[in-house]
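Reading through the structure tokens given below for one structure.
The values are calculated or read from the model by the stated rules, or taken from the named source; none is laboratory data. Not measured: the values here are computed from a predicted model. Glycine also receives a Cβ, built like all others from the backbone with ideal geometry; neighbour counts cover every protein chain displayed. Note: areas computed on protein heavy atoms with side chains; ligands, DNA, RNA excluded. Shrake-Rupley method; radii C 1.70, N 1.55, O 1.52, S 1.80 Å.
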Amino acid sequence: MPHGGDQQQLRTDFDSLWGASGAAVGAAWGDDPALAREFYLSHHEGLAAFYRRAAGAGQAVIKAFWF
């Protein structure tokens, strides 16, 4: 994103993501897919808030993942 001035806001819609893969992800939760959706939605909202705060402070975020 450009520094200063107008910045393009990138957004990822959880419902679109869930529509694309929610059935497969939720299947692992057995007979309560609504619980799976709420669990992942909560994490999605938390991450989105984190990225908004970082961007608002002019900070970069580097993601790392280990198994």
Quiz item: On the given criteria, is residue 65 open to solvent by 80 Å² or more (accessible area, probe 1.4 Å) and modelled with pLDDT of 90 or more?
Solution: no
Exercise. Working only within region 28-42, note down all residues that are among the aliphatic types (A, V, I, L, M) and open to solvent by less than 70 Å² (accessible area, probe 1.4 Å).
Key: 34, 36, 41
Quiz prompt | Enumeration of residues in region 43-59 that are surrounded by 11 or more Cβ atoms within 10 Å (Cβ to Cβ) and small (Gly, Ala, Ser) | solution = 48, 54, 55
Practice problem: Check region 33-51 and report whether any residue there is in a loop (DSSP other than H, G, I, E, B) and either more than 18 Å from residue 13 (Cα to Cα) or among the hydroxyl-bearing types (Ser, Thr, Tyr) (or both). | Solution: no
Practice problem: Please specify each residue of region 1-15 satisfying the condition of being surrounded by fewer than 10 Cβ atoms within 10 Å (Cβ to Cβ) and at pLDDT 80 or above. | Solution: 13
